[in-house]
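Worksheet for the structure shown next.
The values are calculated or read from the model by the stated rules, or taken from the named source; none is laboratory data. Values in this document were obtained by computation on a predicted structure and should not be read as measured data. Glycine gets a Cβ as well: all are built from the backbone with ideal geometry, and neighbour counts include every protein chain shown. Quick note on the areas: whole protein, heavy atoms, side chains included, nothing else; ligands and nucleic acids left out. Shrake-Rupley method; radii C 1.70, N 1.55, O 1.52, S 1.80 Å.
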Amino acid sequence: MLEETRFADVLVTLTLEEKASLLSGGSAWETAAIERLGIESVILTDGPHGVRLQADPEHFSLDASLPATCFPTASALGSSWDVGLLTRVGEALGAESRAAGVAVLLGPGINIKRSPLCGRNFEYLSEDPVVSGQLGAALVGGVQSRGVGACVKHFAANNQETDRMRVSAEVDERTLREIYLAGFEHVVTAARPWTVMAAYNKVNGVHAAQHGWLLTKVLRDEWAFDGLVVSDWSAVTDPVAAVAAGLDLEMPTTNGSSAARLVEAVKAGRIEETTLDQAVARLLSLLDRAASAASAASAASAPESAGDVDFDRHHALARLAAAESAVLLKNEGAILPLNAAPTAPTAPTAPTAPTAPTTIAVIGEFARAPVFQGAGSSQVNPTRVDNALDAIRAAAGEHLRLSFSPGFALSGEEDHALLAEAVESAEAADTAIVFLGLPNGAESEGFDRAHLDLPDVQLALLAAVAQVNRNAVVVLANGGVVQVATWQQHARAILAGGLNGQAGGGAIADLLFGLANPCGRLAETIPLRLQDTPAYLNFPGDGDAVSYGERLYVGYRYYDAKDLPVSYPFGHGLSYTTFAYSDLRATVDGEGEEAVVRLRLTLANTGPVAGKEVVQVYVGDVASSVDRPIRELKAFAKVELAAGESTGVDFELRARDLSFFSPLHGRWVLEAGDFEIGVGGSSRDLPLTATVSVQAPALARPLSLTSSVAEWLADSAGAPVLMQALAAMPGSTLAADPTVLHMVESLPLDRLMAMTGGRLDTAGIRQFLDH
């Protein structure tokens, strides 16, 4: 190993006991140190949307952490679909980490949102691996550009909190590769993270932190990962099996117990000392990277090296990120933005558009007591918090009169006086802005949600407001999806702000008054109801296992394949302007693994103001030998255009974008044929389509004695071998009778051999298989 060669001098000076001690934490948040050799410890601390560095590292507390900028959570940032923005957020996170003396920031989390009930979905980016992979890579690149390691997590198939430390995700290899590993693969190969975190759960019966196939074969051998693999905190049940599988660092400290077990295992011959050497070398490499980065920052007089972070600038970036991530789900009659007279609705059944409001009722406790992050290890102590009520007052101007009513208690208990006050306020106003969402503590690490509903008191409030004011605008604060189908008829507009960080209140005001144009797009489908979701019958599993029975059909792949109605599709989002797609041209160069599909289209801003559109490219295989989703996202770009401006947008799709993973062949394979490409603004809004024909070598299915007769007959090389053996079989007309042959096509060949009682001469068949 390269690391062993580089650190050979250090390795030979370490005793076996010292090597073992380095492979688990020295404390709750630090690696172990060896003073006699000058091996110092480094700090790893929680992210992913802010630096959660405990003020007292010896005592775990979610509240007692140093102040840091709380950026929007990943569920919000995912809806930005903005690689450049997430790079900037990553840079800010890296700068604050460097200033705090942190070597590794534990994030981003890029696990797939398999079920909307997962309690930690607010920490994850998307239901799609292309979005998760590209945005995750941007965050990693940004963090590491500031000399701090990122830790992409949780590897792998960590898609629920229920029984998270014991449950086994039972998932087939193709689904793993195409859905749950693909985002990690992109981040590892494109952004080269310093570390990868092994998850709590098991994958097909083996703990992820002790999973040799995951940690060594896939991560290191196939993806060429050269960094350090760290466990999630207390994820290791067997430190010997973990190190043997490819884990390098167990966290947190085990007070010497894991080191003692490793030493004993080496002495007993159950693990080679050279295996420990590999892990120690990777740890030394991480320490070297961290020390080099700190020296470089100090030599360059970087502000963060001296602890001088520009928190005001980061707060402004957090406000921009919150605005860019918010999704305008609905805007009936163009009621938003509020600082301009809305346009008349286009639908003949739509209500008459209101005039510009002069009085606004702000309703909902969340307007002044915002919910802006989830609970658990990602909880940040913000440097400051903006609330939407103050920001709305600042943005409203002198011509608007504002009132505020809390509407409901944060406890969730029914308060009739608060409800009556809110209704009275709404009745006296032109427009009512109603702040709804999931209360603090509803979304957290450690447990899953039980339903998708908003609290009853909030739904009752909205219904009562809508009865007296037809111009209700809902602002949502939630990380995981909430059901909207049961109440959205009460709202003229719905602005989904997400868990939008410490500056989210200002961003909401910017969006409501048109100071910012909504440009977020859903990175997760909003279903009509929980029962419609793909994993409904399998989540969160039974006993100690959870079956991924929906296979590839996660999120929009499932809804689109079944043509199920949804509240809002994947990729959906409205703007204060309009966009037109035209002139899609698609060309193919090369074939097989060298095939490239080049796309060019024209995007025009046909509306009255500048705006950003997320151009999405979906691909479907017209005829495949295996089951494939009807369309899958393969590329996207966020494009900014002035009013009336148009531009060309280009994409390149590679062979991998057209391929599926074949467990039979142990690789990604591309089949020749036609592929339908759809381009547009969501998985269900694809105004441009094109069909391209791609050439590739014929895909030969590997033959064996367990292959069916039909598979043998379909193989150009195997068919004549089998037919020759059948023709030579004494007393049989099987080779000459198509009807009888058709009857046995489903039989595995070894079953047919057994049924012939030895009359089938298999010498030629076995010789064929041997070669």
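Observations on the model:
- Residue pairs, from the table LYS19/LYS113; LYS217/LYS634; LYS202/LYS612, whose Cα atoms sit over 32 Å apart: LYS19/LYS113; LYS202/LYS612
- If you take all other residues with their beta carbon under 15 Å from the beta carbon of ALA323, and give Lys and Arg +1 and Asp and Glu -1, the sum is 0.
- Alpha-carbon centroids, region 101-166 and region 610-632: separation in whole Å: 24 Å
- Taken as Cα centroids, region 246-282 and region 691-723 sit 47 Å apart, rounded to the nearest whole angstrom.
- For region 362-413, the set of GluC sites (Glu not before Pro) satisfying both a DSSP loop assignment and a count of at most 14 other C-beta atoms within 10 Å is given as GLU398, GLU413.
- Once the Cα-Cα distance is subtracted from the 0.36 nm per residue extended length, the THR739 to ASP310 segment shows a gain of 146.5 nm.
- Note on LEU16 and ARG766: with the Förster distance fixed at 41 Å, the Cβ-Cβ geometry gives a FRET efficiency of about 0.25.
- The amide H of LEU688, built 1.01 Å from its N in the peptide plane, has VAL679 as neighbours under 5 Å, considering only residues 5 or more places off or on other chains.
- Spin-label model, VAL385 to ASP583: label points 7 Å out along the Cα-to-beta-carbon direction sit 5.0 nm apart.
- With a Förster radius of 35 Å applied to the beta-carbon distance between ASP542 and GLN695, the computed FRET efficiency rounds to 0.15.
- Whole-angstrom gap from region 408-462 to region 213-245, using each part's C-alpha centre: 44 Å
- Computed over the chain, the P(r) tail beyond 51 angstrom holds 21 percent of alpha carbon pairs.
- Applying a DSSP loop filter and a limit of 15 other Cβ atoms within 10 Å to the GluC sites (Glu not before Pro) in region 642-686 leaves GLU645.
- Fraction of accessible area attributable to carbon and sulfur, region 586-665 (%, probe 1.4 Å): 46 percent
- Per residue, the accessible area of the chain comes to 38 Å² when a 1.4 Å probe rolls over the protein heavy atoms.
- Local net charge near ALA725, Cβ-Cβ under 11 Å (Lys/Arg +1, Asp/Glu -1): +1
- For the chain, share of DSSP beta bridges that run antiparallel, in % to the nearest 5: 60 percent
- Sum of side-chain charges, ALA610 neighbourhood, beta-carbon under 12 Å (Lys, Arg +1; Asp, Glu -1): -2
- Cut-off 16 Å (backbone N to label point 7 Å along Cα→Cβ of ASP453), residues of region 516-535: 528-532
- Split the accessible area of region 111-176 by element, probe 1.4 Å, and carbon with sulfur accounts for 49%.
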